[in-house]
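Worksheet: one structure, shown below.
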Amino acid sequence: MKFLFFAGCKIENYLKQYETSSRAVLNELGVELIDMELNCCGYPIRHQNMVASILSAARNLAVASKLHLDILTPCKCCFGNLKYAISRLREDAEVRKKINLFLEKEGLFWEEGVQVKHLLSVLYHDIGLNAIRTRIKNPIQGLKIAPHYGCHALRPSRVVQFDNPLAPTLFEELVEVTGAETVSWSRRLECCGNPLWERNNSLSLYMMQKKLENAQDAGADFICVACTYCQIQFDQVRASQPQNTHYGLPSILYPQLLGLSMGLERDVLMIEKNVIDSQHLTRYCRSYHQGVNEQRSKGGKNG
Amino acid sequence: MVYNITLYLSLSICVFGLMYRIFRWFSLSIGPDVEGESAAGRMRTACKTMLRFFFSRRILNFLKIFFVDSLFQTRLFQTSKARWLFHILLFHAFVLLVFMHAMDDQITRVLFSEYESTLNPFMFLRNLFGILVLLGVVFFILRRIRQKPFQKATNRTDLAAILILSSILLSGFLLEAVQIFSSPIFDEMVLEYMRTDDPEETAPLESYWAKEYGVVFPKAVDIGQPERISAGQMIHEENCASCHSRPESAFVSYPLSIHMRSFARALNSIRADIWLHYFHFIICFIGLAYLPFSKFFHMISIPLNLMIRNGESRPEEDDPNNAVKRSIGMDACTHCGVCSLHCSVMPIYRVTGNPNVLPSEKLLSVKKIASGKPPDKTGWTAVSDGNFACTDCFRCTKVCPSGIHLHDLWQASKKELERRDHGKSDQLIRKRSASQWEGLFEKYDIPGSPDPDDLLLRNMAPETFSACVQCTVCSNVCPVVSLPVSLSSPEITPQQVMNLLRLDMKELAMGSRMVWDCMTCYMCQEHCPQGIRVADILYELRNMGADRLQKVRLMESVSSEKKADSDSASERNKK
Ligand code: SF4
Ligand code: SF4
Ligand code: SF4
Ligand code: SF4
């Protein structure tokens, strides 16, 4: 399985651990990622200039089509915008014409064909729960997880076709495969607040706070996310705010959780790079790593 | 005389220019974090830091940066091997030309006692270095022509640099070519070294030089008689040979002079060699005087920038030297455009044509603002839009061959723009209420009807929202509507926005809180029983609002300028 990896603008400098852990997990599951210099997905400029947003997305799609590759992205906003652009290009001949006029100047062209997939959909649909299950070496035990879906992967469902928009189960199933327990919480499908960060901060923080309270009431130890912006919000933005105190409920990236259960190395999961960490995760990791090392040394003797 | 006057004049302009540029490092200011620091204070801090530095071990790292990164330009090597090759040849060849040729009396003659400009290896090397520089210039011109984004971005400073450098080189080659066939120079030399102007005596030498050295005499010279040539050769070996290598070693100028032979007599008679000589050194001196104000200043600012950045990946936030570091960084830009080629938001430039989206152009505007001037004709709105289009991808910072910490600069410039009331549309739209905006949109007579060429507006066609039955489902699921009053919940709900559209009151909707506080969660759209694309419509209202806002800002700045003008005019009238 081979994909063009679309990292998105922020990941490399703000959330490196998401990139390294995603790569490691995918590599372990036999997915090959191709790297190319791509441009912004067009999500941030969508508020201001739709044409620029669609062109940004279409350029990436055209590059992928030239390489005969489908796109895999770990970011739900990138995923959502690339999908949205496809729907506009598909439905509107005039949009298509205008965008292709721009692309032609660079020797590129958009046409139907390139698929855009989110990390989670590749794990769930292309690799499959069973294949993942066989790789789990250290099932996560005793951790309650609140999976946060992220708006732009889920809605508008007509465009993104990620899962049932009203009652999705994909993320819960993926979390449970690692051995962890999921909690059901009423705000799981709501927004993390990041789209309003630096546009209306008090509102953005309020939305996050509501979600955190709700997840904590449901008894979660962790929030689990699979989106660059959601994690930035739940981790870095939260940590920058002295008033937001739900530090007992840190957020973990899904490939970090999966990587832990697959027994991947600590230096690619980089859990310590998450700003808000809780005692029990650190403790969990420590005992887990001791376990891995013991097994290794035993295996070494036997071999 | 002329030579000395122009030399000292241009030297003093150069020195004052350098002082001015250096002083500016302490006076430019961008970013609220460095606001209000005095130039003197900054100088003191910089001096202290430097003093401390000279006695620390980090100085070794400094030397490494100077030799490895500056002389061998490793950052450029990482960007592009071809550019590195041409640049490094151009740079080192030019430096050698300056030392070996322009300053031959001061340097070359001291090092090599037998130096003569017409002797090898000096004559050969001068041609070699000259052609290397010229090749470099041609390479950089071609690069600008071939790479699309640069055609428009090439500005006067770039052109001036190319023009001056190529004029120096071309006039140098031309001068040497003309000197090769110049009979007046021949006559002068004969008079000086043979101490005779008797035609009988000099005739064999003339024949020899006409045949072997390519001199063209006013009257045809007999070069067919072998005895005459060998007589000439004897005189030549006695008087001339010790200072003249064969002209073919000037492997550029000699072929040039052969090609120009048909005009040689005319050129000799007007003493083209003297004119070209004036032209050549005057253009060199213009280059010298212009150096501090030109692109060539990067010879100084880039090594300095690399050294003060000292390999740090992110600047420390409370570094007291940040203002100076930023200014030196801005001065180190060569306008090479590499950053823009890699910029993640290049497609936005393609669509909007706003040059401030591209980092290489944005830097010029930011520098202008830093020196206290308003931005160029593009205006504040364009500068602000360009700055806020950046996605913080760090690519420009990584690829910049001059090692400028562009990301730090963009962070500072965004804060600076916000401070000056030129922030994001979001920030500005909140300053007035929806109905105030509606009034403004009408006052400046901004057409309310959708631009037919604007492909966005398809979602806004009446059939997209006319099916709304005002059931309020969208408002009920919207997380923004359910906000507590303390967070200044929006004055209208998504369902009411739809109603405004049905009443053809787009302008009122465009400035409303609901439109700008929408989280883009798409709950509304997902749940609408009528299948109305509520969130998409809100996106488009923001698009249109941002567009109208831009126009209002432009109009307001124009009318405030006009007002200022008419105010000052009426002042004058009163007097
Ligand atoms: S940081 Fe901004 S200006 Fe620089 S390359 Fe990225 S998007 Fe362009
Ligand atoms: S900022 Fe750097 S990469 Fe960009 S134009 Fe200037 S020198 Fe070149
Ligand atoms: S849910 Fe749909 S039909 Fe109902 S008010 Fe909102 S837009 Fe109109
Ligand atoms: S997309 Fe906007 S308007 Fe619609 S429910 Fe979400 S926040 Fe409310």
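Things to note:
- Under the membrane-span-like helix rule (DSSP H runs whose alpha carbons stretch at least 27 Å along the helix axis, mean Kyte-Doolittle hydropathy 0.5 or higher), chain A yields none.
- Accessible surface buried at the A:B interface totals approximately 4600 Å², computed with a 1.4 Å probe on protein heavy atoms.
- Average accessible surface area per residue within the protein assembly as shown, 1.4 Å rolling probe, Å²: 46
- Per DSSP, loop chymotrypsin sites (Phe, Trp or Tyr not before Pro) in segment B:209-281 with at most 16 further Cβ within 10 Å: B:Phe251
- Between A:Ser157, A:Ser21, A:Ser121, the GNM of chain A built on Cα springs shorter than 10 angstrom shows A:Ser157 fluctuating the most.
- Given charges at beta-carbon only (K, R positive; D, E negative), |dipole| of chain A in Debye: 80
- Projected label points at B:Gln106 and B:Met234, each 7 Å from Cα along the beta carbon direction, are separated by 4.6 nanometres.
- Checking every one of the trypsin sites (Lys or Arg not before Pro) in segment B:130-197 against DSSP loop status and a limit of 16 other Cβ atoms within 10 Å picks out B:Arg195.
- Among A:Phe109, A:Phe79, A:Phe171: highest mean-square fluctuation, GNM of chain A, C-alpha pairs under 10 Å: A:Phe109
- About its Cα centre, the protein assembly as shown has a charge dipole of approximately 2060 debye under the convention of +1 per Lys or Arg Cβ and -1 per Asp or Glu Cβ, with nothing else charged.
- For segment A:2-119, the pair-distance distribution built from all alpha carbon pairs, in bins 5 Å wide starting at 0, is 2, 12, 22, 25, 19, 10, 6, 3, 0 percent.
- Other residues within the sphere of radius under 15 Å centred on the Cβ of B:Trp84, judged by their own Cβ, net out at +3 (K and R +1, D and E -1).
- Only Cα pairs under 8 Å and 6+ residues apart enter the sum, and on that basis the relative contact order of chain A stands at 19 percent.
- Projecting the Cα positions of B:Ser327, A:Ile86, B:Ser27 onto the charge dipole of the protein assembly as shown (unit charges on Cβ atoms of Lys, Arg, Asp and Glu, taken about the Cα centre) puts A:Ile86 furthest along the positive direction.
- Dipole of the protein assembly as shown computed with +1 at Lys/Arg Cβ and -1 at Asp/Glu Cβ about the Cα centre; of A:Val25, B:Ala241, B:Val481, farthest Cα towards the positive end is B:Val481.
- Between segment A:30-60 and segment A:152-202, the alpha-carbon center distance in angstrom: 22
- Sum of -39500 (n - 2.57) over DSSP H runs of 4+, divided by residues of chain B (222 nm, nearest 500): -19500 deg cm²/dmol
- Across peptide A:147-154, the average count of Cβ atoms from other chains found within 10 Å of a residue's Cβ is 2.
- From most to least packed by mean Cβ count within 10 Å, the peptides B:501-514, B:111-124 give B:501-514, B:111-124.
- Charging the Cβ of each Asp and Glu at -1 and of each Lys and Arg at +1, and nothing else, the dipole of segment A:13-130 about its Cα centre rounds to 400 debye.
- Annotation note: trypsin sites (Lys or Arg not before Pro) in segment B:204-242 located in DSSP loop regions with a Cβ neighbour count of at most 15 within 10 Å are B:Lys219.
- Apportionment of accessible area to carbon and sulfur, the protein assembly as shown, percent (1.4 Å): 58
- Shielding of peptide A:86-92 by partners, expressed as the average count of other chain Cβ atoms within 10 Å per residue Cβ, is 1.
- Shielding by partners, peptide A:196-207 (average Cβ within 10 angstrom, other chains): 5
- Entry note, chain B: relative contact order of 15 percent, from Cα contacts under 8 Å with a spacing of 6+ residues.
- For chain B, complete DSSP H runs whose alpha carbons reach 18 Å or more along their own long axis and whose mean Kyte-Doolittle score is -1.0 or higher are B:2-27, B:39-54, B:81-97, B:122-146, B:156-180, B:272-290, B:534-574.
- Helical runs assigned H by DSSP (4 residues or longer) give chain A a calculated mean residue ellipticity at 222 nm of -14000 deg cm²/dmol, each run adding -39500 (n - 2.57) before division by the residue total.
The values are calculated or read from the model by the stated rules, or taken from the named source; none is laboratory data. The model shown is predicted, which means the values in this text are computed figures rather than measured ones. Methodologically, a virtual Cβ is constructed for each residue, glycine included, from the backbone with ideal geometry; neighbour enumeration extends over all protein chains shown. Accessible surface areas use protein heavy atoms only, side chains included; no ligands, DNA or RNA. Shrake-Rupley method; radii C 1.70, N 1.55, O 1.52, S 1.80 Å.
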